[in-house]
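Contents: one structure, followed by commentary.
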Amino acid sequence: METLERILSGHPFFEGLDKTFLELACGCARNARFEAEQFIAHEGDPADQFYLLREGRVALQVSAPGRGAATFLTLGPGEVFGVNWLVPPYRWTYDARALDLTRVIAMDGKCLRGKCEADHHMGYDIMKRLMPIVIDRLHTTRLQFLDLYNAHV
């Protein structure tokens with residue numbers, strides 16, 4: 001039987017995390033499943049979950065009046081989404097939609113924030129893991145913007 005601790009330790013985001021921190025993080029984790037086309041989160045909703053993608057694909061989307069939803073990033077196994085759990089006002093800034101049957105580890109954001117606050121070493125380790133993801137997504141968005149801009153020049 002696969003335990004949450006084993007699943008978390010095998011996910012790229014938590015890989016190599018100090019065993020004590022991993023045990024603390026497990027207290028905030030649960031398995032979750034989403035059907036194809038099911039929305040996981042909507043822009044403006046409370047960002048009280050952080051997701052580690054185990055199986056399936058998730059589209060991150062933004063909507064514009066009169067234009068509908070546009071996917072700006074598609075994620076697969078081993079990736080994470082929902083980083084807004086760490087930054088006030090703790091609200092989703094995009095929609096997340098399962099593209100196929102999707103299995104995740106859902107991390108309770110409030111629980112994880114509390115544990116990071118109580119143990120700043122753990123908080124710093126989590127932050128070091130999140131920042132490259134945030135920077136990479138900003139870079140990807142910048143490149144998409146440049147492509148879009150160049151296509152209309």
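The values are calculated or read from the model by the stated rules, or taken from the named source; none is laboratory data. Quantities reported herein were computed from a predicted structural model and do not represent experimental measurements. A quick note on method: Cβ atoms are made from the backbone with ideal geometry, for glycine too, and the neighbour counts reach across all protein chains shown.
Quick one: is residue 31 closer than 20 Å to residue 141 by Cα and within 15 Å of the chain's Cα centre (by Cα)? Talk me through it step by step, then tell me what you get.
Working: closer than 20 Å to residue 141 by Cα: no; within 15 Å of the chain's Cα centre (by Cα): yes.
Considered against the rule, which asks whether it is closer than 20 Å to residue 141 by Cα and within 15 Å of the chain's Cα centre (by Cα), residue 31 comes out as no.
Restricting to the stretch 70-101, name every residue that is modelled with pLDDT under 95, of a type in the set (A, V, I, L, M) and in contact with a strand residue (DSSP E or B) (Cβ under 9 Å, 6 or more places away or on another chain). Answer for the stretch 70-101, where residues must be modelled with pLDDT under 95, of a type in the set (A, V, I, L, M) and in contact with a strand residue (DSSP E or B) (Cβ under 9 Å, 6 or more places away or on another chain): 70, 73, 83, 86.
When residue 9 is tested against the conditions (1) over 17 Å from the mean Cα position of the chain (by Cα); (2) among the small types (Gly, Ala, Ser); (3) closer than 27 Å to residue 124 by Cβ, the lone failure is (1).
Looking for whichever is touching a Gly at 6+ places or on another chain (Cβ under 8 Å) and either under 24 Å from residue 17 (Cβ atoms) or without any contact (Cβ under 8 Å) to a residue 40 or more places away in the chain (or both) here; the options are 81, 50, 145. Which one fits? Write out each step before concluding.
On the way: 81 fails: touching a Gly at 6+ places or on another chain (Cβ under 8 Å); 145 fails: touching a Gly at 6+ places or on another chain (Cβ under 8 Å).
Result of the check over 81, 50, 145: 50.
Which of the residues that make up the stretch 9-36 are at pLDDT below 95 and among the acidic types (Asp, Glu)? Scanning the stretch 9-36 gives 15, 18, 23. Among the residues of the stretch 10-30, are any assigned to a strand (DSSP E or B) and either touching a residue at least 60 places away in the same chain (Cβ under 8 Å) or not aromatic (Phe, Trp, Tyr) (or both)? Checked against the condition, which is being assigned to a strand (DSSP E or B) and either touching a residue at least 60 places away in the same chain (Cβ under 8 Å) or not aromatic (Phe, Trp, Tyr) (or both), the stretch 10-30 yields at least one hit. Tallying residues that are charged (D, E, K, R) and either closer than 15 Å to residue 102 by Cβ or not in a loop (DSSP other than H, G, I, E, B) (or both) within the stretch 38-60 yields 3. Under the condition of being within 17 Å of residue 128 (Cα to Cα) and of a type in the set (Val, Ile, Thr), the residues counted in the stretch 50-86 number 2. Are any residues in the stretch 93-127 over 19 Å from residue 28 (Cα atoms) and either surrounded by fewer than 20 Cβ atoms within 10 Å (Cβ to Cβ) or free of Cβ contacts under 8 Å to residues at least 60 places away in the same chain (or both), and if so, which ones? Within the stretch 93-127, 93, 94, 95, 96, 99, 100, 101 meet the criteria.
Any idea how many residues of the stretch 61-76 are in contact (Cβ under 8 Å) with a residue 12 or more places away in the chain and assigned to a strand (DSSP E or B)?
Number satisfying all stated conditions: 9.
Every residue in the stretch 57-73 that is under 15 Å from residue 44 (Cβ atoms), surrounded by fewer than 16 Cβ atoms within 10 Å (Cβ to Cβ) and not hydroxyl-bearing (Ser, Thr, Tyr), please. Step through it out loud before you land on a result.
Initially, the stretch 57-73 is screened for residues under 15 Å from residue 44 (Cβ atoms), giving 60-65, 69.
Of the ones still in play, those that are also surrounded by fewer than 16 Cβ atoms within 10 Å (Cβ to Cβ) are 62-65, 69.
62, 64, 65, 69 - these are the residues of the stretch 57-73 that are under 15 Å from residue 44 (Cβ atoms), surrounded by fewer than 16 Cβ atoms within 10 Å (Cβ to Cβ) and not hydroxyl-bearing (Ser, Thr, Tyr).
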